[in-house]
Each structure stands twice: as structure tokens, then as C-alpha cells.
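The values are calculated or read from the model by the stated rules, or taken from the named source; none is laboratory data. This one's a predicted model, so the numbers in the text were calculated from it and none came from an experiment. Quick reminder, even Gly has a Cβ in these numbers, built from the backbone with ideal geometry, and neighbours come from all protein chains shown.
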Amino acid sequence: MTAGASLVLDVHGVAVDVRSDHPALAELVARRLAFFSEAASAGDAVRLELRATDAHLVERPEGPVRPVYEPETGEVLYAEEHDALYVDYGRVRALVRAAAGSALVSVLEPVEEVAWAATRPLVTLPLLELLKRRGVFGVHAAGVALDGRGVALAGTSGSGKTTLAVALALAGFDLLGDDMLFVRSEGSEAVLLAFPDELDLSETTVSFFPELEARLRPEALAGAAKRQLDATALEAGVAADARARLVLFPQIASPGDPSAVEPLSADEALLELAPNVLLTEPSSSQRHLEALGSLVRAGRCFRLTTGRDFDHAAEIVRELLERGT
């Protein structure tokens, strides 16, 4: 995507019209969304626009607002009176009017200094809200698939889900994504929908898989704590979707301990997934929670404590999938 151009992508059945007036922003967003094909029609597309500016183009909505998510820096607020989601990371802001199908991201120059914030959280949050209103619901999870059977690896940052996803992809699983997936309910089934973004790898993760060092992008994005790896650089398969069969909650084992698994009830799993729902417009928020409920009912749920025995961890996941067939 070039600056000033409109790129309309089919994101799991929703046409998303992505625009930017700045070449660096356009390139970085295009990299994130490279997996998705161009939409056949843009007639009813939602719009995500990123604009570079010397003074912010969006302001906090007037009237009452309430927090719906607490990032490490900044604020994410919802104005019920205006049905607007407002995201403020300082030099990067966004205003999302999801019912109208529009999101504007305002980035103060020089944009290169805030590249990560502008094209990661300030694209992710608007996209989640736009798609949520159209029946495609996000979950903070990595994901893999084996023969069409999907595995969601759900957890907060630092839980080890990216490391586990990389280990499974290198062990022959198809990749769905390393940090975010989408979920759609289809009757009694839940379908995991891929978001095979660039992977963000910590130095610790790279040390576990030294063969990836040469495949990383030369420099991390400005403001990013991790380095980026194109999903295709894993040289693993990439799946567009998969029927949910497992929901795993990774956690890092103590040094020297082997990988191990223990079952979770659907209620326990749903309680852990519930923070994925931004409590904005009530009807779509309720449908989001129901979709997560479908996910934990359709897939057996476990906590997977992951050691450095990645081959063994992959065998555990394979065996859990086989037991569920």
C-alpha cells in the first residue's frame, strides 16, 4: 500500500478499507495485513485511516467516558452517549465510531519515532471494535492448527504463548497467529480465524530458536520491546481458519521443570478469556462474550506449563488433539 492509496481487504468476510497519507505508516500496516486478500467489493467496507499530523486530529469525546481497557501507558475510553471508542497513547490517538464503520488514527510527526504504537495497538484496538460489530470477535491468543483442528493459546503478554506457537509451528503445526485471533460461532462449533501478523519475538524466545536470528527484520520498530519476524519466515504452513478443538492457557515453567498439562473447566477458561471483551456497545459486547463461551465449550481446555523441552510440549498438544477426535 502506498501513501494516499486505498487498500480494501477481505478480513474474514468484512471489507476493510485501509488508508494512510504517510508512506512509513502505509508500509507498516500493509505488512501487518499482508495475509488478507483484496476484497471483491468495497461498497459496504469499514474504514481504518491513519494520518500523520503536526496537531492531533481527534479529541476525547465530550461528556461522560469510562475506561474499558487499561494499557501499560495511555488510556482506552468509551463514550456511550456518542458510541465512540477513544484511544490515547500520547503522540498517537484513535477515535472509533464502529456503528458507522470508521476509525481515524492520528499520529504526530515524526511518525517514525512512534512506529510501534501507531501501527500495533492503535491499529489493533480499532480493528477489534470495527469487526466486533460485524460478528467477528477478537481474542488475545496465539493459534496453531493440525489437519484442520485448531488450538488457541490464550494468555496475557509474558505468558509464553508466542514461544509455544513458534515451537509448535517448527514442529509441523500450521500457524494461525502469534498474538491475536478471531472467533466466529457456527452453530455448536467455534471457528478460529487467523491473524498471521508479523511475530514479535523477545530476545529470550530468539535464544530458544537460534535458527530464527538471521530471519528477523534488521531493526525493531521504534518503541517496540521485541523484534519482528515475518510469519512466512518460519517456513511453516499458515492456515486461514480451523475448527476449535483445544484452548490452552500457557504459563512458563520454573527453570528445569518439564512441560506439563492440567485440565480446566469451561467456566474457568471463560473467566480467563472474559477480559478480551471491551465493554462498549452492550449488544455486540454480549455477542462477543457468547462467542468466547462457544469457544471454550467447543474446545477442551487445559493449562499448559511449558518448559524448554519444546519437542515434548508439541507431543503433549498432539496427544490432546488425538484424544479429542
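Does P250 count as buried (at least 20 other Cβ atoms within 10 Å of the Cβ) and either over 26 Å from A34 (Cα atoms) or of a type in the set (S, T, Y) (or both)? When the stated conditions are applied, P250 passes them.
Go through segment 63-73 and count every residue that is at pLDDT 95 or above and either within 15 Å of R47 (Cα to Cα) or not aliphatic (A, V, I, L, M) (or both).
Applying the first criterion (at pLDDT 95 or above) to segment 63-73 yields 63-68.
Cutting the leftovers down to either within 15 Å of R47 (Cα to Cα) or not aliphatic (A, V, I, L, M) (or both) gives us 63-64, 66-67.
Residues that pass the stated criteria total 4.
Reported count of residues in segment 63-110, each being closer than 17 Å to L25 by Cα, in a strand (DSSP E or B) and of a type in the set (S, T, Y), is 1.
The rows are residues; the columns are (1) surrounded by fewer than 22 Cβ atoms within 10 Å (Cβ to Cβ); (2) closer than 28 Å to S157 by Cα; (3) modelled with pLDDT under 95; (4) touching a helix residue (DSSP H, G or I) at 6+ places or on another chain (Cβ under 9 Å).
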{"residue": "E75", "(1), (2), (3), (4)": "yes, yes, no, no"}
{"residue": "A79", "(1), (2), (3), (4)": "yes, yes, no, no"}
{"residue": "L85", "(1), (2), (3), (4)": "no, yes, no, yes"}
{"residue": "G101", "(1), (2), (3), (4)": "yes, no, no, yes"}
{"residue": "V107", "(1), (2), (3), (4)": "no, yes, no, yes"}
{"residue": "V123", "(1), (2), (3), (4)": "no, yes, no, yes"}
{"residue": "L127", "(1), (2), (3), (4)": "no, yes, no, no"}
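Mind listing whichever residues of segment 59-78 are of a type in the set (V, I, T) and under 14 Å from T280 (Cβ atoms)? Residues satisfying the conditions are V65, V68, V76. Looking only at residues in segment 214-229 that are among the hydrophobic types (A, V, I, L, M, F, W, C) and not in a loop (DSSP other than H, G, I, E, B), the one that is surrounded by the fewest Cβ atoms within 10 Å (Cβ to Cβ) is A214.
Filtered by the rule that a residue be in contact with a Ser or Thr (Cβ under 8 Å, 6 or more places away or on another chain) and of a type in the set (V, I, T), segment 27-74 gives V29, V46, T53, V58, V68. Figure legend. Inter-residue proximity from segment 300-321: first residues farther than 26 Å from V191 by Cβ, second residues of a type in the set (S, T, Y), beta-carbon distance below 6 Å, spacing 6+ or different chains. Indicated pairs: G307/S259; D309/S259; H312/S259.
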